[in-house]
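Trainee: Take this structure first; my questions come after.
Each value in this text was obtained by applying a stated rule to the coordinates, not by laboratory testing. All of these numbers come straight from a predicted model, not from anything done at the bench. Glycine gets a Cβ as well: all are built from the backbone with ideal geometry, and neighbour counts include every protein chain shown.
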Amino acid sequence: MSLNLEQYVAEFSAQNINGEHLLQLDGSKLKALGITSSQDRAIIKKKLKEMKASLEKARKAQEKMEKQREKLRKKEQEQLQRKSKKTDKSSSDAIEGTNEQ
């Protein structure tokens, strides 16, 4: 509808075309859905291409954020391990000092 192609809404609905299916459409599938106008198909294909590019960009950004979170989590875990080793060493040094006295 935002592309001023509302005449195809009924057919898309009848064929249960949802977002996932929409991204799978190509020229021949659009034609099979009753979009006989090559201009209309071109408009839809262009918009689908933009949507796919946007989704890919968002997917890559999500992956990048997940990698950053994982890196931060590992860094925090390493810091905790270092603190734990220092605490263990301090405790064992204190015990040794007590034993020497």
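Trainee: For residue 83, go through the lysines and keep the ones whose alpha-carbon is under 24 Å away, minus same-chain ones fewer than eight residues off.
Mentor: Excluding near neighbours in sequence, the set is 71, 74, 75.
Trainee: Quick one: net charge of residue 1's neighbours, Cβ under 14 Å, K/R +1, D/E -1? If you can, show how the numbers build up before the last one.
Mentor: Numbers: positive: 47; negative: 6, 11, 40.
The answer is -2.
Trainee: Turning to a different aspect of this structure: Tell me the angle of helix 38-100 to the major Cα principal axis of the chain, expressed in degrees between 0 and 90 and rounded to the nearest ten.
Mentor: 10
Trainee: Taking the Cα centre of the chain as the origin, how large is its charge dipole in debye, to the nearest 20, when only Lys and Arg (+1) and Asp and Glu (-1) carry charge on their Cβ atoms?
Mentor: For this selection, approximately 420 debye.
Trainee: Let me ask you something else. Counting residues in the chain as N, plug N into 2.2 N^0.38 Å and put the Cα Rg over that result.
Mentor: Compactness ratio reported: 2.34.
Trainee: Right, something else. With n ≥ 4 as the cut-off for DSSP H runs, can you work out [θ] at 222 nm for the chain, using -39500 (n - 2.57) per run divided by the number of residues, rounded to the nearest 500?
Mentor: Working: 4 runs with 79 residues, N = 101.
Result for the chain, helices only: -27000 deg cm²/dmol.
Trainee: Note the full-extension length gain between residue 29 and residue 14 as 0.36 nm times their separation in residues minus their Cα-Cα distance, in nm to one decimal.
Mentor: Taking residue 29 through residue 14 to full extension adds about 3.9 nm, to one decimal.
Trainee: Shifting gears a bit: Report, in listed order, any pair from 29/57; 31/52; 57/85; 29/60 with a Cα-Cα distance greater than 31 Å.
Mentor: Among 29/57; 31/52; 57/85; 29/60, the Cα-Cα distance tops 31 Å for 57/85.
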